[in-house]
């Protein structure tokens, strides 16, 4: 199906509706999608900030390094199951509806979060404690797998003509908001009590906060309306076939996956893992590490929509190439700089640079995923494109770089990982057909 204009289909308001009411509806849509996604990502990412604490309480061993490796490996388990969630929830979204899928994802995320919040520690129930944590991560990963595709589809399919990049970028901004909220709440809770009190149970408050706000997100998403362009495509498209999708769409699937490699690696290494790196390798206090991550999250949150709006005018590909080259050229010098006489000021400066590079890359990237695929399978394809790299290079990135540092004795090992991902994505970008001026298919 060809849609001459996204706005023509989506913004077909009743007779007498004015432009102001249409604009208010779109602003409300973005707010609803952003708030729900922020809550979902807060719940998923808070585990990453607490990897060190969870290692001591749920994965105790004679070696501190071994405990940490087990903890970050469990974080990676949530990423491994994400392609499965992407496929199952993506198909559900494409066949049943965006609203139904997004409501289901936040319910599953809340279930996983609640399980961690009340899980007894290893000292209480032994081996069942880490098993409960693994189970909760599987639920969270499955939920997150279907989150991006459904949220992205509903944003771009409602976007006015020529503004898909801006609207899709709120997906990136809401992820940054989840990261920002997680870092801020972790900072506040950790500073409000002693380290002993935090380990004794104070950390549970962070998961409890995520659990409390789930009903809010559930209610908000229940108010979403299905995009008109999706409703038309669902009537006209054939029954979804995964085999046919892979056969007919293998080139855009490969291109989109290649673009997403850097997104996944940079997000998990330079933002989620960085607090752990700052504490273990740089010797900085946990609170300072979180302050730097919070500052970077602010840059991504503000910068992503701005740079995505620029991509609506000048194209996605130029900005993506700038972002990829920034990661390729600056990551190693940045890690080298903070490794010599580490300080909060240095770490914050480096994180701010990474935040700007992430905004330049991730802001336009989301709309690229959506523009590669037709409407009747957009949610599934976008979810797979984003989550396969997360499972392969993202979720286990903290585990891999922690092991690399221990095996080589080189604290700059995380930089090599990100640079390699930047090279892969740059190659994929060179073959990208920029469709920012074309209507959605």
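The values are calculated or read from the model by the stated rules, or taken from the named source; none is laboratory data. This is a predicted model, so every value here is computed, not measured. In this analysis, Cβ positions are derived from the backbone assuming ideal geometry, glycine residues included, and neighbour counts consider all displayed protein chains.
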Item to check | Which listed residue, of 227, 195, is at pLDDT below 85 and either under 18 Å from the mean Cα position of the chain (by Cα) or under 27 Å from residue 117 (Cβ atoms) (or both) | outcome: 195
Checklist outcome for this item: Selection from the stretch 283-305 of residues outside any helix (DSSP H, G or I) and surrounded by fewer than 19 Cβ atoms within 10 Å (Cβ to Cβ) yields 283, 285
Next on the checklist: On the basis of being surrounded by fewer than 17 Cβ atoms within 10 Å (Cβ to Cβ), in contact with a helix residue (DSSP H, G or I) (Cβ under 6 Å, 6 or more places away or on another chain) and either over 29 Å from residue 320 (Cβ atoms) or at pLDDT below 80 (or both), does residue 238 make the cut?
Outcome noted: no
Next on the checklist: So for the stretch 131-143 (the condition being part of a loop (DSSP other than H, G, I, E, B) and buried (at least 24 other Cβ atoms within 10 Å of the Cβ)), does at least one residue qualify?
Outcome noted: no
Checklist entry - Of 121, 61, 53, which residue is over 20 Å from the mean Cα position of the chain (by Cα), surrounded by fewer than 23 Cβ atoms within 10 Å (Cβ to Cβ) and free of Cβ contacts under 8 Å to residues at least 24 places away in the same chain? => result 61
Item to check | Single residue of 93, 71 found to be buried (at least 24 other Cβ atoms within 10 Å of the Cβ), in contact (Cβ under 8 Å) with a residue 12 or more places away in the chain, under 23 Å from residue 385 (Cβ atoms) and over 17 Å from the mean Cα position of the chain (by Cα) | outcome: 93
Checklist entry - Does residue 381 count as farther than 19 Å from residue 145 by Cβ and either crowded, with 22+ Cβ neighbours inside 10 Å or at pLDDT below 90 (or both)? => result no
Checklist entry - Out of curiosity, is residue 256 within 23 Å of residue 368 (Cα to Cα) and buried (at least 24 other Cβ atoms within 10 Å of the Cβ)? => result yes
Next on the checklist: Condition (residue is modelled with pLDDT of 75 or more and not in a helix (DSSP H, G or I)) applied to the stretch 251-271: is it met by at least one residue?
Outcome noted: no
